[in-house]
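Taken together, the values in this text are just the output of simple stated rules run on the coordinates, not laboratory data. Keep in mind the model is a prediction, meaning the values are calculated, not measured. With ideal geometry, Cβ positions are generated from the backbone for all residues, glycine too; neighbour counts draw on all protein chains shown.
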Amino acid sequence: VSAGPLSAVPLLDHHCHGVVQRNLTEEEFEGYATESDWGPAPGTKVLDSPFGVAMMRICGPVLDLHRLTSPEDYLGRRQELGWQEVTRRLLAASGTTEYLVETGFPAPAIASPGQMGQLSGHPARRVVRLETIAELVAPATSPAGFVADFEAELDRQLRDAVGVKTVAAYRCGLDLTERPPSDAEVERAAAGWLRTASQTSRYRIADPTLISRLVWCGVERRTVVQVHVGFGDADVRLDLADPSRLTPFLRATRTSGARIALLHCYPFVRQAGILAHLFPHVWFDVSCLSHYAGPSAPTLIRQAMETAPFGKLLYASDAYALAEQYLVSATLWRRGLGALLEEWVRDGWLAPGQADRYAAMIGAGNAQNLYRGDPR
Ligand SMILES: [Zn+2]
């Protein structure tokens with residue numbers, strides 16, 4: 001599976017995670033090849049999936065295998081080469097020239113932004129997760145002191161980061177408040193959270209008032225606020241993860257100086273496109289599905305190109321743990337966008353030079369604008 005006409009376009013991957021820096025057993029590999037936490041249903045296999053199909057076709061030849069290889073042969077060859085060589089080959093083949101690595105979901109042996117920079121030979125910068133910072137300060141804070149302690153740690157971490165991310169969609173849903181919750185509201189909510197957390201030693205933050213406060217702290221710093229939307233980890237509140245729920249929050253933050261980047265957006269790609277069309281401070285991507293949709297990823301890229309200005313669409317992989325995900329995302333993105341732009345040129349909508357310009361913008365230029373605009 002070739003990357004098509006856009007094979008040479010540089011990609012700035014504005015949302016991804018690190019690779020696992022060790023060899024994986026078959027079971028571990030399959031665990032990372034799905035968003036589910038619970039293993040496949042009896043009689044089914046994880047790699048009998050859109051991602052599995054795309055992975056074998058795209059990554060097999062990079063590991064010297066036939067493109068119609070089997071999962072067994074693929075995983076065997078992966079072991080034989082070792083994780084370092086596999087990572088080196090797959091990242092290089094992806095043509096990704098910069099990585100923004102979100103570090104809020106640490107796992108054993110996951111590469112840091114610095115390590116991703118070394119493994120890829122390209123710049124890698126950090127994005128910090130608001131909820132993880134709140135959970136970090138929680139054991140040593142008080143209800144009245146929580147916001148100040150959170151902000152001090154956030155500012156410390158932002159010295160070394162290009163933006164923040166919220167996983168509100170995993171915790172309470174996307175009904176973020178139109179204004180920062182008051183100190184009294186936050187103190188009351190924090191008292192309840194910290195009491196339960198200290199009893200159970202489980203500091204997972206999920207209270208909607210507290211989550212809204214964290215996001216508003218990001219807004220007040222006039223940085224890029226990445227918002228997880230739709231499909232994702234098994235703890236997602238999918239019923240509350242439609243980005244149209246953010247409309248009042250987006251109206252309220254339009255002139256704040258913060259920029260909002262909606263991540264993944266599946267199956268709400270069209271809603272995200274409308275929001276990016278309407279609100280000057282909203283950008284979006286179709287990451288994650290760029291590999292999990294496999295051969296169907298071009299359909300989502302087409303939807304993403306329906307209503308939003310082309311300056312608002314970003315490339316990202318949302319790759320996590322497996323180097324395969326970076327290459328599958330990048331290849332399907334290039335193929336999907338390339339086929340669409342070629343069609344528009346053929347049908348007389350675009351001059352070839354215009355198509356090249358849009359490809360360069362969506363591949364990297366839009367993200368460079370978005371993250372360079374950081375006034376901090
Ligand atoms: Zn992610």
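Applying the Karplus parametrisation 6.51 cos²θ - 1.76 cosθ + 1.60 with θ = phi - 60° to the phi angles of the stretch 2-15, what ³J(HN,Hα) value in whole Hz is obtained for each residue in order, glycine and proline being reported as x?
After applying 6.51 cos²θ - 1.76 cosθ + 1.60, I find 7, 7, x, x, 9, 4, 9, 6, x, 10, 9, 7, 7, 8 Hz.
Please order V345, V9 by the number of other Cβ within 10 Å, starting at the fewest.
Starting with the residue having the fewest Cβ neighbours, the order is V345, V9.
What does the highest-first list of 351-363, 206-218 look like by mean Cβ count within 10 Å?
206-218, 351-363
Of the listed peptides 329-341, 47-59, 187-199, 239-251, what is their order by residue-averaged count of other C-beta atoms within 10 Å, with the highest listed first?
Values: 329-341: 24.7, 47-59: 20.3, 187-199: 15.8, 239-251: 17.6.
Descending mean neighbour count gives 329-341, 47-59, 239-251, 187-199.
Report, to two decimal places, the Cα Rg of the stretch 1-135 normalised by 2.2 N^0.38 Å (N = number of residues).
Scaled against compact globular proteins, the figure is 1.11.
Quick one, what does Rg over Rh come out to for the stretch 97-222 if you take C-alpha atoms and the Kirkwood Rh?
Result: Rg/Rh = 1.00.
Tell me the relative contact order for the chain as a rounded percent, counting alpha carbon contacts under 8 Å between residues six or more apart.
22
Note the angle between two axes, namely the Cα long axis of helix 208-220 and the longest principal axis of the Cα atoms of the chain, as a number of degrees from 0 to 90, rounded to the nearest 10.
Roughly 80 degrees, rounded to the nearest 10.
Search the structure for amide H atoms under 5 Å from the amide H of L262, placed 1.01 Å from N in the peptide plane, and list their residues when 5 or more places away or on another chain.
V227, W283, F284, D285
Roughly speaking, what is the stretch gain from R159 to L68, that is 0.36 nm per residue apart minus the C-alpha to C-alpha distance, in nm to one decimal?
28.1 nm
In nm, to one decimal, how far is the A109 label point from the R179 one, both placed 7 Å along Cα→Cβ?
Calculated label separation equals 5.1 nm.
Run the quick spin-label model on T196 and R22: label points 7 Å from Cα toward the beta carbon, then report their separation in nm to one decimal.
With each label placed 7 Å out from Cα toward Cβ, I get 3.4 nm.
In what order do K165, K45 fall by count of nearby beta-carbon atoms within 10 Å, going from fewest to most?
On the way: K165 26, K45 11.
Placing the least packed residue first, the sequence is K45, K165.
Restricting things to alpha carbons, find the Rg to Rh ratio for the chain using the Kirkwood radius for Rh.
0.97
If you line up the Cα atoms of the stretch 169-229 on their principal axes, what length do they span on each, largest first, in Å?
35, 26, 19
Once fully extended, how much extra length lies between S256 and R346, figured as 0.36 nm per residue of separation less the alpha-carbon to alpha-carbon distance?
28.2 nm
May I ask for the net charge around D64, where only other residues with Cβ less than 12 Å from the Cβ of D64 are counted and Lys, Arg are +1 while Asp, Glu are -1?
+1
In square nanometres, what is one fourth of the surface area of the convex hull spanned by the alpha carbons of the stretch 271-361?
6.0
For T299, T34, what's the fewest-to-most ordering of other Cβ within 10 Å of each Cβ?
Neighbour counts put them in this order, fewest first: T299, T34.
Rounded to the nearest 20 debye, what is the charge dipole size of the chain about its Cα centre when +1 sits on each Lys and Arg Cβ and -1 on each Asp and Glu Cβ?
The calculated dipole for the chain is roughly 880 debye.
What share of Cα pairs, in percent, lie more than 17 angstrom apart in the stretch 236-280?
28
With θ set to phi - 60°, apply the Karplus curve 6.51 cos²θ - 1.76 cosθ + 1.60 along the stretch 316-332 and write out the HN-Hα couplings as whole Hz, x wherever there is a Gly or Pro.
Computed from phi, the couplings for the stretch 316-332 are 7, 9, 6, 4, 9, 6, 9, 4, 4, 5, 4, 6, 5, 4, 4, 5, 5 Hz.
Rounded to the nearest 500, what is the 222 nm mean residue ellipticity of the chain from helices alone, with -39500 (n - 2.57) per DSSP H run of 4+ residues and division by all residues?
Mean residue ellipticity at 222 nm (helix-derived): -13500 deg cm²/dmol.
Can you list the HN-Hα couplings for the stretch 120-126, worked out from phi with the Karplus curve (6.51, -1.76, 1.60; θ = phi - 60°), rounded to whole Hz and with x for Gly and Pro?
Listing the rounded values in order: 9, x, 10, x, 9, 10, 9 Hz.
Express in whole angstrom the spacing between the alpha-carbon centres of the stretch 291-312 and the stretch 238-272.
So the separation of the two Cα centres works out to 17 Å.
Share of Cα-Cα pairs in the stretch 211-355 beyond 29 Å, in percent?
Values: 1950 of 10440 pairs.
Of all Cα-Cα distances in the stretch 211-355, 19 percent exceed 29 Å.
I'd like the distance separating the alpha-carbon centroids of the stretch 66-134 and the stretch 7-28, in whole Å.
Centre-to-centre distance over Cα atoms comes out at 3 Å.
Rounded to whole Å and sorted largest first, list the principal axis extents of the Cα atoms in the stretch 214-300.
Largest first, the stretch 214-300 extends 39, 28, 20 Å along its Cα principal axes.
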